[in-house]
């Protein structure tokens with residue numbers, strides 16, 4: 001009897017988790033991608049586009065470049081620890097105003113800067129806890145002055161660098177610390193106010209003088225100015241409107257200042273949530289081609305196209321932003 005009740009409970013929970021948002025009056029829609037592509041992708045992660053609408057996809061040990069028509073163009077880099085080599089996945093990609101490719105090389109504990117043609121220019125960072133060093137670098141973005149912001153999942157902070165990779169400042173950090181002798185968390189008063197700290201951190205985006213950072217373990221988006229001062233936050237884990245069911249992943253802004261956030265656990269296959277920059281939720285959409293661990297996100301502002309790395313399906317899905325925004329209730 002106990003086994004039957006347990007099985008029934010699991011079934012009910014599973015059913016709720018796949019469609020829980022229907023009871024929360026969330027504007028959920030399904031969107032048909034206009035294209036699906038990904039020649040020879042092994043584990044697509046980061047993604048971005050340049051001014052010419054070329055598409056850059058971070059993969060294991062390399063960056064794959066596709067044309068605006070979604071055809072394979074070239075591969076940049078290989079596995080390794082030298083120049084133009086990546087230890088594993090390329091976790092973050094940013095394109096600055098000069099067209100330079102800024103790539104996070106996670107387990108080589110560095111950021112590599114490449115020319116728009118994929119030629120190595122320089123690198124910065126090393127393994128360590130000091131300023132300018134990394135333990136687990138993840139996301140990257142650039143601001144309107146080409147300053148570079150890099151998240152670190154282990155240090156749980158954001159570091160700001162000049163366009164040449166010179167350290168400027170850091171902000172965030174863990175909201176607690178562990179006493180390893182007793183393995184318990186110390187109150188956040190020891191480490192600073194929790195709202196300006198991070199409990200899990202990966203993706204980052206810049207818009208209109210503000211830095212938007214995904215706090216994974218709390219399912220929140222935290223917003224800072226360019227000096228690292230906390231401004232506000234929104235989201236939070238939960239099943240209500242504006243909440244994130246699981247980890248917040250990729251972040252990207254469109255020409256209208258709308259923020260698109262990958263919510264890996266929203267529904268059984270993952271979804272994308274659309275917000276105003278203030279934190280007001282406007283829409284949640286799934287793909288008609290179910291995601292399997294959606295991760296990176298990028299927007300081609302020139303053509304109003306949205307790209308999602310569909311990681312465990314080893315492909316990229318492409319959506320028309322005009323179609324998405326037509327579904328937003330006025």
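A few notes on this one:
- Centre separation in Å (Cα based) which lies between the stretch 28-53 and the stretch 208-258: 22
- Fewest-first ordering of 230, 124, 66 by other beta carbons within 10 Å of each residue's beta carbon gives 230, 124, 66.
- In terms of other Cβ atoms within 10 Å, 148, 308, 328, 95 run from fewest to most in the order 328, 95, 148, 308.
- Multiplying the residue separation of residue 255 and residue 74 by 0.36 nm and removing their Cα-Cα distance gives an extension gain of 62.3 nm.
- Of all DSSP beta bridges confined to the stretch 23-325, the antiparallel ones make up roughly 90%.
- Ordering 85, 264 by the number of other Cβ atoms within 10 Å of each residue's own Cβ, fewest first, gives 85, 264.
- Additional length obtainable on full extension of the chain from residue 208 to residue 115, 0.36 nm per residue less Cα span: 30.9 nm
- Pairwise label distance in nanometres, residue 166 with residue 130, each label 7 Å out on the Cα-Cβ vector: 1.8
We did not get these values from a lab; they are worked out from the coordinates using the rules stated. This one's a predicted model, so the numbers in the text were calculated from it and none came from an experiment. Please note: Cβ atoms are built from the backbone with ideal geometry, for glycine as well, and neighbour counts cover all protein chains shown.
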